[in-house]
Amino acid sequence: MCGIVGYIGSRDATPFLLEGLRALEYRGYDSAGLFVSGSGAQKRAGKVSVLEESIPEGFQGNAGIAHTRWATHGAPTENNAHPHTDDTETVWLVHNGIIENYREIREMFETEGIVFRSETDTETLAQLIGRKYRDTPILEQAVADALKEVRGAYGIAVMAINEPEKIVVARHGSPLLIGIGDDGYYVASDATPLLTHTRNVIYLDDGELAVLTTDSYKVTSLTHALLNKEVQNIDWDVESVQKKGYEHFMLKEIMEVPEVIENSLRGRIDLEAMSIHLGGLRDVEERLKNIERIIITGCGSAYYAGLTGELLIEELVGIPVETEIASELRYRRFTADPEKTILVAVSQSGETADTLEAVREARKHGMLALGIVNAVGSSIARETDAGVYNHAGPEIGVASTKAFVSQLTVFVLLAIYLKQLRDGTGTHNEVIRELTRLPDYARRILSASENISEIAAAHAGMRDALFVGRKFQYPIAYEGALKLKEVSYVHAEAYGAGEMKHGPLALIDSEFPTIALMPLDSVYEKTLSNVEEIRARSGKVIVITTEGSEPAWTTECITIPQTHEALLPILTTLPLQLFAYYAALQRGLPIDMPRNLAKSVTVE
Ligand code: F6R
C-alpha cells in the first residue's frame, strides 16, 4: 500500500525515481510526488504520468525520494500527496503506514500556531522530525528521536536540505529495502523497481534505521547501535515485472499459470517414492507430526485459498481445520492448545498488516506459525517459524490471479505432506500423479480463452452476478465473485449452491446471471439439482464443468479437463479469472489498478 523509492549516488536521481514510481504504481495510485536534492519537491494528484508531465526541465540532483499514494488520512489531493515537510521546509519525508497518535502531535503543533498544509498523519511526522532537527541538526539523530514519540506503522525515507548528500530510512511495520548498486544506493518499499538496477538488497527489520550517502550505508537500531545486516540476492527476472506484449498484467499473469504451477511443484514431488518434500518445513517436522488442529488465516483471495486449504487438509489428512479472516482472528481469543495447534498464514505479499498481526498473536500464544508466502524475504516469511514459498514470481496486477493458483497448489502439497508425516507415503498417489499433469490441464483451459471472452462479452452489461458451488467449489465461487467485483465493479455474490433456496433464490430473474461451478466431483448431482432450481426461476446459467459432463440444456458452457476432485478448484479458478478479466475489458476499466484498491495492504 503506497510505494516508496529513493536513490543516492553518482547519477541523476529523477529518472530512477519516476521509473520506480511507475513500477510501484500498482501499490497505490491516487497521487504521487518526489523530492530531489537541489531541485526541491514536486507533487500531483492522480497517476504518476500526471506528476511526470509536471516535472520542469533541469529538475535533477544526485539524491531523491519519491512516493505514490493510496489515501488513508485525507483525500487524494495534491496537498495530501507526499513528500511532506515541516514548517521551515527543511526536512522532506515520504511515508508508508499510519501514525496512530498523529492527532495529539498535530494538536501540540497547532497550539503553537503552526499551520498544517495537509490532512495527513504523515505531515505530523514531518513536523516532528523538523522540530528535532532544529535542536540537533543531524538527520539520523532527529529521525530516531522523532520515531521514539510516534505509535503506529511506518516505512519512511527522509531528506534534509542542509544535508543533501544523505537519505535516512527507517521501518516499523511497513516494508523497506535498500538496494546496493554499482552507481549508488536505492531504496524501495518492494523489490520491483530495483530489479533493473541491482539484485543485492538488505531488508530492513522493524526498529531499524539506515543512513545512505553517495558512497556508504550503515544500518543501526533507533538507539544507534550498529547492525551487521546480511545482503541478500533477489532471483526474480526482470521480464516477470513487465507486460511481455499483453495489454494488462492481469491477463499476462493468468497466462503464466501453467509455469507458476510448475514452479510451485518444482523439487517438491518425488515420483519414484511418491512423496512430497517441503524443505521449508524440515526444521519443524517433529512438531507437525503431533498436531491435532490447524487454524488458517489470510485476507481476501488468500483467505479463500485458505478455505480451500481447509477442505483439502480435512479431506486428505483428517485433521480439523478452521479458517478465519486475519482482521478478525487477530482480535479473537486464542483458545486452542498451542502445543497441538498450528497457524498457517497465507499471503502473496507477505506484508498484509492483519495477517502479520495474526501471526504475531498466534506466536505470542505459543503456537507454531507457518507461512504460505510468495514474496521471499517479506515480513510474514521472516516472522513465521517455517513455511512454504509459492514461487509464483512477482504479481503486479492488483487482483490476485497466479498467486491464488499457487496458494491452492501449495495447499495440496501441504496436505499430502502432513498425511505423509502421519501415515507414510502411498495414501494419495493418484493426487500426486495428477498434480504433475496440472500445468498441461491449465494450458488446455487457457488455450480456449476465446470462448470465455465471448461469454464474458455477452454478459458485460450485467449489473449483478451470482457464483455458486459446493464442497471444493464453494470457496472458489467466493473467489470468482471477488475477482469480478474487483476488476469489473459488478455487484457479485457467492453462495454454497445448497443455500440458494434458503433466501437468495428471491434475487433470481432473467437479468441476474449465475456462474455455476459444477465439475464432475462427489457433489456434481447435488449441484446440478440446485442449478436446476435457479433455471426454473428464469435464471441464466453459465456452466463451468468438466469435459463430458455438460448438462444437455446448457447454452453457455466452459469446460475443464477432468482430474482428481481435490485438484479441480485449481482448474475452475482459471475460467473465473478470465471471465472477470474479459468482463472488465469490455467495460473499459483500468484492470490492473481498480479504483479504491491497492496491492499489498500494509495498514490495518
Ligand atoms: C484479491 C486480492 C486481495 C488479496 C489480499 C491479501 O484479488 O488481491 O484480496 O488477496 O489483500 O493479500 P496478500 O495475499 O498479499 O496478503
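The values are calculated or read from the model by the stated rules, or taken from the named source; none is laboratory data. Every value quoted in this text rests on a predicted model; they were computed, and no experiment measured them. Note that we place each Cβ from the backbone using ideal geometry, even for glycine, and neighbour counts take in every protein chain shown. SASA here: full protein model, heavy atoms, side chains in, ligands and nucleic acids out. Shrake-Rupley method; radii C 1.70, N 1.55, O 1.52, S 1.80 Å.
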Worksheet item: Which whole number in µm²/s is D for the stretch 441-482 by Stokes-Einstein, with the Kirkwood Rh taken over Cα pairs at 20 °C and 1.002 mPa s?
Response: 179 µm²/s
Discussion item. What are the extents of the Cα atoms of the stretch 70-170 along their three principal axes, in Å, largest first?
Written reply: 32, 29, 24
Worksheet item: Which of SER400, LEU343, LEU312 sits farthest toward the positive end of the charge dipole of the stretch 259-405, with +1 on the Cβ of Lys and Arg and -1 on the Cβ of Asp and Glu?
Response: LEU343
Worksheet entry | For the stretch 448-604, size of Cβ-based charge dipole, Lys and Arg +1, Asp and Glu -1, in debye | 320 debye
Item to complete: Would you list which lysines come within 29 Å of LYS526, measuring only between C-alpha atoms, while excluding same-chain residues fewer than 8 positions from it?
Response: LYS419, LYS471, LYS483, LYS485, LYS501, LYS540
Worksheet entry | Cα lying deepest toward the dipole's positive end in the chain, options LEU18, SER216, ALA460, charges on Cβ | ALA460
Worksheet, complete the sentence: For the chain, longest principal axis from Cα atoms; helix 524-535 axis from its Cα atoms; angle between them, nearest 10 degrees, is 80 degrees
Discussion item. Taking 8 Å as the Cα distance limit and 6 or more residues as the minimum spacing, I'd like the relative contact order of the chain as a percentage.
Written reply: 12 percent
Fill in: Proportion of all alpha-carbon pairs of the stretch 400-522 beyond 26 Å (%)
33 percent
Fill in: Partner lysines for LYS43 [C-alpha distance under 29 Å; skip if fewer than 8 residues away on the same chain]
LYS132, LYS148, LYS166, LYS243, LYS599
Worksheet item: What ratio of Cα Rg to 2.2 N^0.38 Å holds for the stretch 283-382?
Response: 0.97
Worksheet entry | For the chain, accessible area per residue (1.4 Å probe, heavy atoms of protein chains only), Å² | 36 Å²
Worksheet entry | Rg(Cα)/(2.2 N^0.38 Å) for the stretch 238-441, N = residue count | 0.99
Item to complete: Show which aspartates and glutamates lie in cross-link reach of LYS402 when reach means a straight Cα distance below 17 angstrom and same-chain residues fewer than eight apart are skipped.
Response: ASP237, GLU239, GLU247, GLU253, GLU256, GLU259, GLU262, ASP440, GLU479, GLU486, ASP592
Practice prompt. Could you tell me what percent of the accessible area of the chain is made up of carbon and sulfur, with a 1.4 Å probe and every protein chain present?
Written response: 46 percent
Fill in: In Å², nearest 10: area of THR559 left accessible to a 1.4 Å probe
50 Å²
Practice prompt. May I have the extent of the alpha carbons of the chain along their three principal axes, as whole Å values ordered from largest to smallest?
Written response: 77, 54, 44
Fill in: In nm, spacing of pseudo-spin labels at GLU230 and ARG363 (7 Å Cα→C-beta vector)
1.5 nm
Discussion item. List the pairs from LYS229/LYS364; LYS252/LYS340; LYS229/LYS289 whose alpha-carbon separation is above 30 Å, in the order I gave them.
Written reply: LYS252/LYS340; LYS229/LYS289
Worksheet item: Across bins of 10 angstrom width beginning at 0, how are the C-alpha pair distances of the stretch 3-234 distributed, in whole percent?
Response: 9, 38, 39, 13, 1
